[in-house]
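Here the structure comes first, spelled out in structure tokens, and everything after it is commentary.
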Amino acid sequence: MTNEVNRTRRGLVTSALTAGVGLAAGAGFTLVTDSPAGAAAAAPLLTEGYSVRRFGAQGDGKADDTRAAQAAIDAALKAGGGRIHFPAGRYRITRSLRFPSMERVDVTGDGASSTLLHENDEPLLIWPEGVSCREVSVRHLRVQSTTHDKSPEAAVISCLGGVERSLFHHLLFFADSVRSGSGILTQQVADTTTLESCIMWRIGGTGLRVARGSEVRVIGGRITGDGSLRKENIGIHLVGDNGGVHVVTTDLIGLHTSMRIGERGHASNREVFITHTTFDSSVHGLWQSDNAYTSIAGCWAASCDEEQILLDENCAGAILSVAGGTIFNGGAYGRPGSHHGLVVRAGRFTLTGASIRDNKGTGILLGEARDYAVTGCRIHNNGIGAALAGENLVVSSNVFTDNGQHLIDGSGLNKQILGNVFSGRPADKNSVTR
């Protein structure tokens, strides 16, 4: 990609981060009844269940609708579950809406025309400790953070008792004039739960935090930061002891850390699968600090300040597999940082068929790595193409082009470095420095 194209993409990202709600609402966030045929089909559904209007909600953006919304929730829970519906309107919510028991509920709106105004510095929807958000769905709602700045713990959805077999679908969270909190925070077990087609725009805390569990899916959608780059501004955080997590076609942009795997003091995650996902314009792209097996396929990791993908010194037992995709443009914004591509300070990995390019630091930087292979990659226009270390390694069939320095070999015993092609800068065609 030329520098002009790189600048164009960065410009689009910057414009998108500042364009706000109009663009977010246009990114696939449509009304449930957006055609006459659709309205006719949906009409019976919209008159069923526990509409907050029936309990006195005005939805005019002026009246405080908290009491009415809580009354609808309480009625549904008392009846053993049901559909709690917010028809088109703007609903002021001035304190947390609580779900104190585990009945199955379906919390719905009419898409972008149903807006909950999240005012106070506390969670909007909360399942308290001891109450699992079990077999629940939250769908087709727009949530605007208003009135007061929010702390990171003031999530739109807070599942303090865990979340099981639940669905969060077609949601838009955003803020304009105040700092928003987090998106969805879970404690205790998160199991067999899906976040699909959700947009978290200018999030101030963490988009999705998963405490522990298995079979969590994040499909589509976008999580963008608020521009502060504060440490608590994270796209997705898998705290520990999660297995079978899948992140697919999701954008994680403009945060301190686009995606964090692991946290000191917690059990290691187990298996994480990341496919066709974007880590872009953050301080750190993907940052792993535990011994999980992580598979990255066809991803775009770009324009972050420190590194695009990192296995830190706590990853001695980790296994990383990177196949295809692009790792590039470290240091694109001129902010302080190391500006590296892939950094592996500990653990084992394979890197195959990827493009590592235009990183102002080092394209591939290795520390106490071992048992690794770098094959079939195109490594070009980096400050340094690759700096090897560790032992038991294969680096072969790669093309190094126009790097400030192609390959620095500081590795130890039992290695094969062969069949690589060097061209362009520097002039030495066999540019391996030992």
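Before moving on, here are some points about what is shown:
- Per residue convex hull volume, Cα atoms of the chain, in Å³: 129 Å³
- Cα gyration tensor shape for the stretch 136-177, rounded if a/c is under 1.5, else prolate or oblate: oblate
- Label-to-label distance for R54 and I219 is 3.1 nm, based on points extended 7 Å past Cα in the beta-carbon direction.
- Relative contact order of the stretch 225-322, taken over Cα pairs closer than 8 Å and 6 or more residues apart, is 25 percent.
- Helix axis angle, 3-19 relative to the chain longest principal axis, alpha carbon, degrees: 20 degrees
- Database remark: amide H of V189 closer than 5 angstrom to the amide H of V163 (H placed geometrically; neighbours at sequence offset of 5 or more, or on other chains; Pro and chain starts carry no H).
- By the helix-only formula, in which each DSSP H run with n ≥ 4 contributes -39500 (n - 2.57) and the sum is divided by residues, the chain has a 222 nm mean residue ellipticity of -3500 deg cm²/dmol.
- Anchor K150: lysines whose Cα lies under 22 Å away (excluding residues fewer than 8 positions away in-chain): K62, K231
- For the stretch 313-434: rounded, prolate or oblate by the Cα gyration tensor [a/c cutoff 1.5]: oblate
- Dmax and Rg, reported as Rg then Dmax, of the stretch 64-166 (C-alpha, Å): 12.7, 36
- Nearest 10 degrees, 0 to 90: helix 36-46 Cα axis against the chain principal axis: 70 degrees
- Taking Cα atoms only, the orientation of helix 66-78 departs from the longest principal axis of the chain by about 90 degrees.
- In the stretch 235-344, the trypsin sites (Lys or Arg not before Pro) that fall in loop regions by DSSP, at most 11 other Cβ within 10 Å: R264
- Using C-alpha pairs under 8 Å with a sequence gap of at least 6, the mean separation divided by the residue count of the chain gives a relative contact order of 6 percent.
- All Cα pairs of the stretch 120-219, percent lying beyond 23 Å: 18 percent
- Between the C-alpha center of the stretch 63-108 and that of the stretch 346-397 there is a gap of 52 Å.
- Placing dummy labels 7 Å off each Cα toward the beta-carbon, the span from A71 to S423 is 7.5 nm.
- R95-E129 pseudo-label distance in nm [points 7 Å out on the Cα-to-Cβ vector]: 2.0 nm
- Cα-based radius of gyration of the stretch 198-304 once divided by 2.2 N^0.38 Å, which approximates compact folds: 0.95
- The chain - Cys residues lacking any other Cys C-beta under 4.7 Å: C198, C299, C304, C315, C377
- Potential extension, S177-E153 segment - 0.36 nm per residue separation minus Cα distance: 6.7 nm
- q = 0.15 Å⁻¹, the stretch 238-378: log10 I(q)/I(0) [Debye, one scatterer per Cα]: -0.63
- According to the Kirkwood relation over distinct C-alpha pairs, the hydrodynamic radius of the stretch 319-360 is 11.3 Å.
- The distance from the alpha carbon centre of the stretch 232-254 to that of the stretch 279-302 is 9 Å, rounded to a whole number.
Since every read-out is calculated from the coordinates, none of them should be taken as a lab result. The structure displayed is predicted, hence computed values, not measured ones. Because the Cβ atoms are built from the backbone with ideal geometry, glycine has one as well, and the counts that use them run over all protein chains shown.
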